[in-house]
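A short write-up of the structure that comes next.
The values are calculated or read from the model by the stated rules, or taken from the named source; none is laboratory data. Remember, predicted model here, so these are calculated numbers, not experimental data. Positions of Cβ are backbone-derived with ideal geometry, glycine not excepted, and every protein chain shown enters the neighbour counts.
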Amino acid sequence: MCGIAGFINYSPAAPELTTQILTGMTVSLAHRGPDDTGTWIDDEANVCFGHRRLSIIDLSPAGAQPMHSASGRYTIVFNGEIYGFKTLRDELEERGARFRGHSDTEVLLEAVEAYGFQDALIRLNGMFAFALYDRAARQVLFARDRVGKKPLYIGLAGQTLAFGSELKALRKHPAFSSPVLDRGAATLFARHNYIPSPYTIYRDVIKVPPGCWLAVSTDDRPDFAHGLRDRFQRYWNVFKVAEAGCADPIIDDEEAMELLEGALKTAVRERMVSDVPVGALLSGGIDSSLVVSMMQEVSSSKVRTYTVRFNEGSHNEADAAAAIAGHLGTDHSEILAEPSAVFDLIDDLPETYDEPFADPSQIPTMLVSRLVRRDVTVALSGDGGDETFGGYNRYRQMMTFDSLARKVPGFVNKAVDLAPAWVVGGALTLGGPAIPSSLREEISTDRIKKLAELMQVRDFDERYLAFLSEWSQPEKVVSGGYEPETAMTCARSLAGLRELDRMMIRDTAAYLPDDVLVKVDRASMSVGLEMRAPLLDHRVIELAWRSPRRLCIENGNGKLALRRMLKGRVPAELMDRPKRGFGIPINDWLRGPLEEWASESLSRSRLQRDGIFNPDPVRKCWKEHQSGRRNWGPKLWNILMFNAWVERWGSG
């Protein structure tokens, strides 16, 4: 696990200046790799590679980077881990390969030598992003793992093509000292709370999408960064995985369960391979509990587990996590998320997330990462279970909305949508006793208003996009805003998949890599912690899409396959409770300890000065939230996080 950076000089520069720039880019990623640093420059091709090392596998100098292949043809800077690499190494040794050390990076280099670039990629199982220089072909090849666990940015400005694990590395190059803000990306951010691949907040910088690779000549400069998007090659496509799985299903539940459990156990075991201490995040939910239980089964000592505690009961899962840890016999620790600690973290967020990012769960993720790093360098998490096994509450809610939309006349929805919030609130108070107890927590004035708005959207896929949107008309919020196409809005036909599957596949293609995994990667790597996610093993994902669909959601219950695996490992009474999000009580805090900070950031003068957001809709939300008439916490957090980013990095 590391940080990578570098560039191609299409117009040669003075060697001293080139070295100085490369060193600066590499140093900016020191938090991702605090253990070692390395740079390499090929003067003939003007290729410059930098690397920061977090030593996990092969702690010796033989694992240092940039690394050269045995033949000398290839040079690589690699960020990530290849799981099960020892099996691949054995295959290569049978073909005559000889190794100097025992790192997975060296195995990757020799696999490219033996099988060719794309065939080697297909053989890899892991999380990674890397740049590989091919001397024979005079090109640099970039690649990112199947699901998008590790980041990779590429920018083109002047006579320079630069790349890095984070945008801050590119900003250290003089060609990217004053990048231009992309209004389309800002509009996407207003809708999603993140910027979907391949876009970035800067016009001349792109993200490599998950499951893609790209070849760039060292002799012929590309015309512009956006043109590189059309040159991405896919070696794995989650849309095709879903379609192929549903077309060739495993019919028998027991056969599917046996294959799934075997694949997940293998994934857990492989992710525990490390030359440094390993721990785990334990939220008390199904996914992390299952991962930790499997870790404890294969571990000869107590697994170290960690969680975050909130004083607010509606967000607190620490008691449940502690009970599960006690049952499994782990060595458990927790950290308290107090408003004062959160306020201290806010100043760090724009530096850690150096692209606008507004998922409020970024804060507890940073807190728990700091806690975990005190003891271990590697931790396993339960990320990935919701998208693959239908775990999000919104899936069940959307199916309910779809059923209601077919029954309730459109004029009723429109009337509720237009009614003042106090009218809807009064009706809920009067009708409260008639609402089933299982739904009372989920029904509020804000949600009823949102439901009425959603039910006026008749197309299911458009309704799901509206459901996920923070600002449902972001082009009216961002000055000069417009929306480019994304994986959430692409016209790709998913007609062969049922509505639930269409939601899950779009989340796996967009929300997972660009929100969930960005949140975890930046938070964990800000303190030099490697996070591994067994449920995101591509073999588990592929098997899940071939499994009977009833193993996802049935009778309103999600993740049935994972629940069945957990049965017998953790008592049912510890797991039978409502699912809670891993967030913060943002609505209350913006009326309390964070109000002064928010008020300044959302002031009309500040909004007009920056010129990014139209003040009227933002100010309206802020006033309604302050008055208590509406709960606009997440919507306001969206603007607050963008403004905090502008303060650190400038508006372009």
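Okay, residues lined up against (1) within 29 Å of His538 (Cβ to Cβ); (2) part of a helix (DSSP H, G or I); (3) not assigned by TED's automatic domain parsing to the domain that holds Val107:
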{"position": "Met127", "(1), (2), (3)": "yes, no, no"}
{"position": "Leu132", "(1), (2), (3)": "yes, no, no"}
{"position": "Ala136", "(1), (2), (3)": "no, no, no"}
{"position": "Gly148", "(1), (2), (3)": "yes, no, no"}
{"position": "Pro151", "(1), (2), (3)": "yes, no, no"}
{"position": "Leu156", "(1), (2), (3)": "no, no, no"}
{"position": "Phe163", "(1), (2), (3)": "yes, no, no"}
{"position": "Lys168", "(1), (2), (3)": "no, yes, no"}
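Evaluating Ala120 against the criteria (1) without any contact (Cβ under 8 Å) to a residue 60 or more places away in the chain; (2) under 30 Å from Gly633 (Cβ atoms) leaves one unmet condition, (2).
Of the residues making up segment 637-652, those that are assigned to a helix (DSSP H, G or I) and out of contact with any helix residue (DSSP H, G or I) (no Cβ under 6 Å at 6 or more places or on another chain) are Asn638, Met641, Phe642, Glu647, Trp649. The residues listed here are Arg89, Arg73; of these, the one that is in contact with a helix residue (DSSP H, G or I) (Cβ under 9 Å, 6 or more places away or on another chain), of a type in the set (Lys, Arg), in contact (Cβ under 8 Å) with a residue 12 or more places away in the chain and more than 29 Å from Tyr153 (Cβ to Cβ) is Arg89. If you go through segment 471-522 and keep only what is part of a helix (DSSP H, G or I), among the charged types (D, E, K, R) and touching a helix residue (DSSP H, G or I) at 6+ places or on another chain (Cβ under 9 Å), you end up with Glu475, Lys476, Glu499, Asp501, Arg502, Arg506, Asp507, Asp514, Asp515, Lys519, Arg522.
Within segment 118-139, the residues that satisfy the criterion of being closer than 25 Å to Asp219 by Cα and touching a Gly at 6+ places or on another chain (Cβ under 8 Å) are Ala129, Phe130, Ala131, Arg135. Residue-level check: of (1) among the hydrophobic types (A, V, I, L, M, F, W, C); (2) more than 23 Å from Lys207 (Cα to Cα); (3) within 21 Å of the chain's Cα centre (by Cα), Leu512 misses just (2).
Screening Val303 with (1) crowded, with 20+ Cβ neighbours inside 10 Å; (2) over 29 Å from Cys552 (Cα atoms); (3) of a type in the set (A, V, I, L, M, F, W, C) gives one miss only, at (2). Looking across segment 306-323, the residues that are surrounded by fewer than 17 Cβ atoms within 10 Å (Cβ to Cβ) and at pLDDT below 85 come down to Asn311, Glu312, Gly313, Ser314. Look at segment 92-112 and say how many of its residues are outside any loop (DSSP other than H, G, I, E, B), of a type outside the set (Ser, Thr, Tyr), closer than 16 Å to Ile57 by Cβ and out of contact with any helix residue (DSSP H, G or I) (no Cβ under 6 Å at 6 or more places or on another chain). Qualifying residue count, segment 92-112: 3. Tallying residues that are of a type in the set (D, E, K, R) and buried (at least 20 other Cβ atoms within 10 Å of the Cβ) within segment 31-44 yields 1.
Within segment 45-53, the presence of a residue that is more than 21 Å from Tyr153 (Cβ to Cβ) and either modelled with pLDDT of 90 or more or exposed (fewer than 15 other Cβ atoms within 10 Å of the Cβ) (or both) is excluded. Condition (residue is surrounded by fewer than 19 Cβ atoms within 10 Å (Cβ to Cβ) and either among the small types (Gly, Ala, Ser) or part of a helix (DSSP H, G or I) (or both)) applied to segment 529-540: is it met by at least one residue? Checked against the condition, which is being surrounded by fewer than 19 Cβ atoms within 10 Å (Cβ to Cβ) and either among the small types (Gly, Ala, Ser) or part of a helix (DSSP H, G or I) (or both), segment 529-540 yields at least one hit.
Residue-wise test of (1) under 17 Å from Asp287 (Cβ atoms); (2) in contact with a His (Cβ under 6 Å, 6 or more places away or on another chain); (3) touching a residue at least 12 places away in the same chain (Cβ under 8 Å); (4) not assigned by TED's automatic domain parsing to the domain that holds Met366.
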residue	(1), (2), (3), (4)
Glu483	no, no, yes, yes
Leu494	no, no, yes, yes
Leu497	no, no, yes, yes
Val520	yes, no, yes, no
Ala523	no, no, yes, no
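For segment 19-35, the set of residues classified as outside any loop (DSSP other than H, G, I, E, B), modelled with pLDDT of 95 or more and more than 17 Å from Gly155 (Cβ to Cβ) consists of Thr19, Gln20, Thr23, Val27, listed by residue number.
Residue-by-condition table, conditions (1) of a type in the set (Asp, Glu); (2) modelled with pLDDT of 75 or more; (3) surrounded by fewer than 23 Cβ atoms within 10 Å (Cβ to Cβ); (4) more than 25 Å from Ile505 (Cα to Cα):
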site	(1), (2), (3), (4)
Tyr353	no, yes, no, yes
Pro356	no, yes, no, no
Ser361	no, yes, yes, no
Gly385	no, yes, no, no
Asn393	no, yes, yes, no
Arg396	no, yes, yes, no
Pro420	no, no, yes, yes
Gly425	no, no, yes, yes
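Among the candidates Val291, Val241, the residue that is assigned to a helix (DSSP H, G or I), under 20 Å from Glu530 (Cα atoms), under 21 Å from the mean Cα position of the chain (by Cα) and hydrophobic (A, V, I, L, M, F, W, C) is uniquely Val291. For the residues Leu574, Leu607, the requirement of being part of a helix (DSSP H, G or I) and touching a strand residue (DSSP E or B) at 6+ places or on another chain (Cβ under 6 Å) singles out Leu607. Out of all the residues in segment 217-231, is one or more in contact with a Pro (Cβ under 7 Å, 6 or more places away or on another chain), aliphatic (A, V, I, L, M), surrounded by 21 or more Cβ atoms within 10 Å (Cβ to Cβ) and closer than 21 Å to Lys150 by Cβ? Checked against the condition, which is being in contact with a Pro (Cβ under 7 Å, 6 or more places away or on another chain), aliphatic (A, V, I, L, M), surrounded by 21 or more Cβ atoms within 10 Å (Cβ to Cβ) and closer than 21 Å to Lys150 by Cβ, segment 217-231 yields no hits at all. When the residues of segment 36-54 are filtered to those that are among the aliphatic types (A, V, I, L, M) and in a loop (DSSP other than H, G, I, E, B), the one that is nearest to Met67 (Cα to Cα) is Leu54.
For segment 454-508, the tally of residues that are among the polar types (S, T, N, Q) and farther than 12 Å from Arg191 by Cβ stands at 4.
The residues of segment 376-401 that are over 17 Å from Gly284 (Cα atoms), out of contact with any Lys or Arg (no Cβ under 7 Å at 6 or more places or on another chain) and not in a helix (DSSP H, G or I) amount to a single one, Thr377. Take the conditions (1) farther than 30 Å from Leu574 by Cα; (2) in contact with an Asp or Glu (Cβ under 7 Å, 6 or more places away or on another chain); Gly279 misses just one of them, which is (1). The single residue among Arg458, Arg406, Arg463, Arg447 that is among the basic types (Lys, Arg), modelled with pLDDT of 55 or more and in contact with a helix residue (DSSP H, G or I) (Cβ under 6 Å, 6 or more places away or on another chain) turns out to be Arg463. Evaluated against (1) in contact with an Asp or Glu (Cβ under 8 Å, 6 or more places away or on another chain); (2) among the charged types (D, E, K, R); (3) assigned to a helix (DSSP H, G or I); (4) within 29 Å of Pro339 (Cα to Cα), Arg630 falls short on exactly one condition, (3).
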